[in-house]
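**Q** Attaching a single structure in structure tokens format; questions to follow.
The values are calculated or read from the model by the stated rules, or taken from the named source; none is laboratory data. It should be emphasised that the depicted structure is a prediction, and the values quoted were computed from it without experimental measurement. Glycine gets a Cβ as well: all are built from the backbone with ideal geometry, and neighbour counts include every protein chain shown.
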Amino acid sequence: MKPVLLIVDDDELILEVYGDYFRQNQFDVKTAATVDQALRLIHQTPIHVILSDVVMPRKNGFDLYNEVHSIRPQIRFVFMTGYEHDPVVIERLESLNAPWLPKPAQLHQLLQLVQSVLSAEPTSDHT
């Protein structure tokens with residue numbers, strides 16, 4: 001069975017390019033342009049890992065993490081952000097102990113990070 005990856009980003013090009021790349025690398029890929037779309041998919045489909053942008057309109061990637069963590073704590077997270085120089089964003093990522101890459105990320109680096117997150121042992125607090 002292919003691992004199911006949900007990519008959440010308000011940039012349609014990111015969804016398309018990253019989605020195609022992960023499909024070529026044996027992932028079942030779902031995409032969402034908003035946190036609300038992502039939450040609907042999470043309720044309908046078993047998701048193994050979420051690759052989420054941090055800064056999005058209305059609800060952000062941290063909002064998504066908090067909501068998912070409360071209903072499906074087994075789902076792994078990888079963040080990407082174009083705000084890698086924003087101390088507030090970085091402090092929050094570090095407080096979650098969440099793996100992340102700057103955006104736009106190199107596709108092979110994203111693949112390696114997602115694969116390592118999937119192969120890691122679950123933690124008790126899922127961070």
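**Q** Looking at this structure, is His48 within 17 Å of Phe79 (Cβ to Cβ), surrounded by fewer than 18 Cβ atoms within 10 Å (Cβ to Cβ), touching a residue at least 24 places away in the same chain (Cβ under 8 Å) and not aliphatic (A, V, I, L, M)?
**A** No, not satisfied.
**Q** Does Asp20 qualify as being acidic (Asp, Glu), closer than 14 Å to Leu6 by Cα and at pLDDT 90 or above?
**A** yes
**Q** Something else: Would you mind telling me which numbered condition in (1) outside any strand (DSSP E or B); (2) in contact (Cβ under 8 Å) with a residue 12 or more places away in the chain Val29 fails?
**A** Unmet condition: (1).
**Q** Is it fair to say Leu15 is modelled with pLDDT of 95 or more, touching an Asp or Glu at 6+ places or on another chain (Cβ under 9 Å) and part of a helix (DSSP H, G or I)?
**A** On the way: modelled with pLDDT of 95 or more: yes; touching an Asp or Glu at 6+ places or on another chain (Cβ under 9 Å): yes; part of a helix (DSSP H, G or I): yes.
So Leu15 fits the description; yes.
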